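Here is the structure we will look at.
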Amino acid sequence: MITVQQILSATNGGLDIILSLYPQAQKCVGQKNKHFAIRNEKTPSACLRQYQSKKYGEIWQVSDFGGDGRGENAIDIYMREKGFDFAEVTLHVGAG
């Protein structure tokens, strides 16, 4: 069984997954306080950041301030965007 840790490790802390879903976020990598749009909006309201998770180490997350504002890791975003459960994510994303 593939684990969350394996997926995150194989995808650069989830950054590869996030950029596959939101290629426009590439401009935010390494840029503090830079935002990108994930929907049609005048002012981009999502930000990308890397943080230290106690459980998974260094991972990437997206916070969408035009939505609920809470940060989501790559797996949560993939499940929401694609309508998959975790088992389906492991089949589509895999661990390398």
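Going by what's in this entry, would residue 39 be described as in contact with a strand residue (DSSP E or B) (Cβ under 8 Å, 6 or more places away or on another chain) and open to solvent by 80 Å² or more (accessible area, probe 1.4 Å)?
Criteria not met by residue 39.
Hey, among the residues in segment 1-36 that are of a type in the set (Ser, Thr, Tyr) and over 16 Å from residue 81 (Cβ atoms), which one's surrounded by the fewest Cβ atoms within 10 Å (Cβ to Cβ)?
First, the residues of segment 1-36 that are of a type in the set (Ser, Thr, Tyr): 3, 9, 11, 20, 22.
Next, from what is left, pick out any that are over 16 Å from residue 81 (Cβ atoms): 3, 9.
Values: 3: 12, 9: 16.
Step by step, filter segment 1-36, then rank; the result is 3.
Name the helices (runs of 4 or more DSSP H) wholly within the chain that hold at least 3 residues that are more than 14 Å from the chain's Cα centre (by Cα) and at pLDDT below 95?
Those helices (runs of 4 or more DSSP H) span 86-92.
Filter segment 72-82 down to residues that are surrounded by 14 or more Cβ atoms within 10 Å (Cβ to Cβ) and without any contact (Cβ under 8 Å) to a residue 40 or more places away in the chain and give me whichever is farthest from residue 27 (Cα to Cα).
Per the criteria, the residue is 79.
So residue 63 fits all but one of (1) closer than 16 Å to residue 29 by Cα; (2) touching a residue at least 24 places away in the same chain (Cβ under 8 Å); what number is the exception?
Residue 63 satisfies all of (1) closer than 16 Å to residue 29 by Cα; (2) touching a residue at least 24 places away in the same chain (Cβ under 8 Å) except (2).
The values are calculated or read from the model by the stated rules, or taken from the named source; none is laboratory data. In this text the structure is predicted, and so the values were computed from the model without any measurement. Cβ sites come from the backbone with ideal geometry, for glycine too, and all protein chains shown count toward neighbours. We work out accessible area using only protein heavy atoms, side chains counted, and drop any ligands, DNA or RNA first. Shrake-Rupley method; radii C 1.70, N 1.55, O 1.52, S 1.80 Å.
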